[in-house]
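Worksheet for the structure shown next.
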Protein chains: 2
Amino acid sequence: MTQERPELRKRPANFVPLSPVSFIARAADFFGERAAVIHGNRRFTYKEFYARTRRLAHALTKAGIKRGDTVAILAPNVPAMLEAHYAAPMIGAILNPINIRLDAALIAFCLEHGEAKLLLADREFHATIMPALEKMGARRPIVVDIADMETEGAPSFGGVEYESFIASGDPEFAYPGCEDEWDSICLLYTSGTTGNPKGAVYSHRGAYLGAIANALTFKVDHDSRYLWTLPMFHCSGWTYTWAVTAAAGTHVCLRRVEPQRIFAAIAEHRVTHMCGAPIVLNMLVHAPTEAKRPLPLRTKVATGGAAPPAIIIERMEAMGFEVLHLYGTTESYGPSTYCAPLPEWQELPVSERYQRMARQGVPNPMIERLAVIDPETGVLVPRDGASIGEIALSGHILMKGYLKNEAATDAVFADGLYHSGDLAVWHADGSIEVKDRSKDIIISGGENISSLEVEETLYRHPLVMEAAFVARPDDKWGETPCAFVTLKADASEVSAEDIIGFCRENMARYKVPKTVVFGPLPKTSTGKIQKFVLRDQAKALK
Amino acid sequence: MTQERPELRKRPANFVPLSPVSFIARAADFFGERAAVIHGNRRFTYKEFYARTRRLAHALTKAGIKRGDTVAILAPNVPAMLEAHYAAPMIGAILNPINIRLDAALIAFCLEHGEAKLLLADREFHATIMPALEKMGARRPIVVDIADMETEGAPSFGGVEYESFIASGDPEFAYPGCEDEWDSICLLYTSGTTGNPKGAVYSHRGAYLGAIANALTFKVDHDSRYLWTLPMFHCSGWTYTWAVTAAAGTHVCLRRVEPQRIFAAIAEHRVTHMCGAPIVLNMLVHAPTEAKRPLPLRTKVATGGAAPPAIIIERMEAMGFEVLHLYGTTESYGPSTYCAPLPEWQELPVSERYQRMARQGVPNPMIERLAVIDPETGVLVPRDGASIGEIALSGHILMKGYLKNEAATDAVFADGLYHSGDLAVWHADGSIEVKDRSKDIIISGGENISSLEVEETLYRHPLVMEAAFVARPDDKWGETPCAFVTLKADASEVSAEDIIGFCRENMARYKVPKTVVFGPLPKTSTGKIQKFVLRDQAKALK
């Protein structure tokens, strides 16, 4: 036989484009009475959730949104965010979830660059959205107000309110759906620390496969209750906006990521799964006693977006959480690797076990290639756990490209691999361990110092709550290590000398910070510590 | 923005054909030292398993096998079967696993119809393979002998032996891989009860997605140990040939499906997962006491291929197994639906719970549409748990078509759906429950009788081991119900009147068998009861 034969062609019965819209149709059809979305005292079954998304898809169509148009949304983790992740793709539109912490200028940039035809805008963010719209003048998109139960009293943008908007749509709208699985589904601007954000574009196929990979590695199932502690505007919630629906589990919404609300939601809804940056885990670890509540079950927490210090994993597990460590970038639809916990790790000493869990691990099945390469030559670095190289990826869950930026797309996809800009070592078992962003590495007296490694040690100090480690320009050494430290509330007595002394006891001499600065740490809108701000501060130190 | 933009095009970094060959490359690269295959006292790590498949791919290439060629294999569940499932696809060849229970004429038919260029032949089946080859004369394929450790003394086919064959290949062979994900990967002949078998053709894409769906629904993971009780020639082992590797779990091979060997393997390897037709489960339930061994853990068993009576599920669970019920056909890559156990079922009375588990359930995520339709009009039947219709499917895991049989392909894929030929009712919750193959339904005095329903009752009789229920032609009633029953070893005292009496107490009068015949039941090569043989016997009864 040969590969091409007429009787073996694609037909409607055996070939369907991969699109996450299928997940919600299936869940409504076969898990229709089960809880899909919980938000405060509102609850939607999968039938209701599907009907709401079809209404939204129809209302968008009636508002003039066509295939290929962009629909933006700026909202926290409320039902409208989830609904938009299905409604826009249903009509071939591209959803652009905008970071709620952006200022007016950046919001305007996203809306203009992405050519948003319509914006779903949460009233809580009136103070930044309104000036952005004013700045845009005649190019401003149609605005639909999201007046959520907790936004009472917040001013309107003057448009129709979300609930009225969707009420105007047909709950049985026969949406056209995805035509080609490579069609764009989402546009996500990276939080770029310098210059304008870049718009990573996802496909229906990638969203589908990313969601399946994440359901698989995080073991999300139809009896899972997933708490939305991770912003949905962050890589479409690492694809869990779709993965939880693929599994027909329950989405538990959460407007504000605060320890008290998180512990209360876990207790009330018996939350089985949640995600968050290490900063969120640290917040839970250091939550005031009155905010904490005992866990009703062993809640799984996936963390990533920045490398979690082993001690945070250890403390989370001590509180009863089960931590899964993921690694990825906006360009890889969020998680691309996971630190698969191996049964044999159970026999390791506790601290070593958590060191293992702090590694970024191995690729999930949707990654075709994971390599650690010399950024100059592209040659693989040895798997010796010591040689540092850049993490490079290819596979089913890499973005289509950066919107309207072919040069940046070409650069990041050079030589058939996505170049992450993250530096890592490669262990003998194939797992990777991130050492730094390329720009975060410190070179002091010709020696490379991994900021993460020093931070790992600082986090072990019993009175340190958060720490970041950057280079301070130095005439003699080129750079010297400088630590920024936030102490725990009850730890005002700690001095710079104490910290330096602790480091001397726990690391090689050349890595020990020469300078220690106390105070709160500046963070990006996704909770990452803004090292570029700290570097500026370190430079300005006298 | 619009859907087509040059910077958003497919590139090597972000677009790769979906192919299960990727699973083994990933497992070797990132789980390389973990156990991939266990067969008796042989053990291969993933690195070794991958090297062996690359050797085989290279040896096939050197033997003249090219892209689009068919490679057949006739062997039980030994390592060569697994290796062939990767090696053939690595070079774009199509693997045709042949049912080991076929007679010489049917083997020759498969080899000729599939145009096999090379046959990997297990010596145990010399008695049927050799005459098939002789029958083919000059058209006979190249034969490679599989001389497994348990085939000692069996005559050779005169070709090179498998281990020597792969030893001639390069363990680092840079195989060309899949070019287009729609390319054919496997050819599987259905066991067709009448006429020539039809050759269902699978694609790389379907195999990949089927494997992922099955890893997801059966929760196969990197610490899973999967026992090969299901023939790999049956839908490529319901795609678990690939799914277990996707999860980087361990394949435990098994030459013969016998209770003693199964219980021993479970105990020795701490088997976590296995699959089998209900007939295999029944065999385990009725195994002699000396063959049974206590389970070291709660082994998951997926069953399907025929509807399992609820009582078999109940008895398997009583033995400590956890049963998952799957439904599918060769045309759907094996499992297409699964009976997702819902948490609320725990509160149901035991017998009702097992009745639920005996349903065929809901579609897995790779099925786009599952419908129960009137076979004449295509109209959906109501979800009332009573109206009978035909199960129809579409989605990512339906075969490409029947090789060289466009008419049959057109017929089975009419109106955009795959028509399964299985009759079912649709419950209010969306789950389906198979009532019969279309040809197995009995129509007595104008009333439809589901043979499965009557068999369910017969299986509840304490002394019945197996039962089948068919129509017996009758001048007055059209057809009358006739039961064939195999009694347990210690149950020679039971009479036809006892069985009929038991039925009278447990079912509507018109369903009660008029005739009861005792004796062993004829089975197909995949363990299904051959109702057409029983129908012939019933017709011949005086």
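The values are calculated or read from the model by the stated rules, or taken from the named source; none is laboratory data. Source: prediction; values computed, not measured. Cβ placement follows ideal geometry from the backbone for every residue including glycine, while neighbour counts extend to all protein chains displayed.
Listed values, structure above:
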| quantity | calculated |
| --- | --- |
| Out of A:PHE321, A:PHE413, sole residue that is within 13 Å of chain B (Cβ to nearest Cβ) and modelled with pLDDT of 95 or more | A:PHE413 |
| Of the criteria (1) in a strand (DSSP E or B); (2) at pLDDT 80 or above; (3) in contact with a helix residue (DSSP H, G or I) (Cβ under 7 Å, 6 or more places away or on another chain), which one A:GLU456 fails | (1) |
| Residue in the range B:358-365 that is at the interface with chain A (Cβ under 8 Å from one of its Cβ atoms), crowded, with 18+ Cβ neighbours inside 10 Å and over 19 Å from B:GLY305 (Cβ atoms) present | yes |
| Neighbours by Cβ (under 6 Å, 6+ apart or cross-chain): first from the range B:214-226, away from every other protein chain (no Cβ under 11 Å); second among the basic types (Lys, Arg) and assigned to a loop (DSSP other than H, G, I, E, B) | none |
| Single residue of the range B:416-433 satisfying the filter (more than 7 Å from every other protein chain (Cβ to nearest Cβ) and aliphatic (A, V, I, L, M)) that is nearest to A:GLU33 (Cα to Cα) | B:ALA428 |
| Residues within the range B:330-350 that are closer than 24 Å to B:LYS528 by Cβ and either aromatic (Phe, Trp, Tyr) or at the interface with another protein chain (Cβ under 10 Å from one of its Cβ atoms) (or both), tallied | 5 |
| Filter result (of a type in the set (Lys, Arg) and farther than 16 Å from A:ALA35 by Cα) within the range A:250-284 | A:ARG255, A:ARG256, A:ARG261 |
| Failed criterion for A:ARG43 (all others in (1) among the basic types (Lys, Arg); (2) under 13 Å from A:PRO79 (Cβ atoms); (3) crowded, with 23+ Cβ neighbours inside 10 Å hold) | (3) |
| Subset of the range A:128-186 (residues that are assigned to a loop (DSSP other than H, G, I, E, B), aliphatic (A, V, I, L, M) and surrounded by 15 or more Cβ atoms within 10 Å (Cβ to Cβ)) | A:ALA147, A:ALA154, A:VAL160 |
| Condition broken by B:SER336, with the remaining ones in (1) part of a loop (DSSP other than H, G, I, E, B); (2) modelled with pLDDT of 95 or more; (3) hydroxyl-bearing (Ser, Thr, Tyr) satisfied | (1) |
| Tabulated pairs, the range A:260-272, first in a helix (DSSP H, G or I), second acidic (Asp, Glu) and loosely packed, with under 15 Cβ neighbours inside 10 Å, C-beta under 9 angstrom, 6+ apart or interchain | A:GLN260/A:GLU290 |
| Hits in the range B:374-390 - residues which are outside any loop (DSSP other than H, G, I, E, B) and within 13 Å of chain A (Cβ to nearest Cβ) | B:LEU380 |
| Test set (1) in contact with a strand residue (DSSP E or B) (Cβ under 7 Å, 6 or more places away or on another chain); (2) part of a loop (DSSP other than H, G, I, E, B); (3) more than 8 Å from every other protein chain (Cβ to nearest Cβ) - B:MET399 fails condition number | (3) |
| Answer from A:GLU406, A:GLU453 - the residue that is in the same structural domain as A:LEU487 (by TED's automatic domain parsing) and surrounded by fewer than 22 Cβ atoms within 10 Å (Cβ to Cβ) | A:GLU453 |
| The lone exception for A:ARG353 - which of (1) among the basic types (Lys, Arg); (2) free of Cβ contacts under 8 Å to residues at least 12 places away in the same chain; (3) within 13 Å of chain B (Cβ to nearest Cβ) it fails | (3) |
| The range A:10-42, residues that are in contact with a strand residue (DSSP E or B) (Cβ under 6 Å, 6 or more places away or on another chain) and more than 8 Å from chain B (Cβ to nearest Cβ) | A:ALA35, A:ALA36, A:VAL37, A:ILE38 |
| Residue within the range B:235-254 that is more than 20 Å from B:GLY304 (Cβ to Cβ), more than 14 Å from the chain's Cα centre (by Cα) and in a helix (DSSP H, G or I) present | yes |
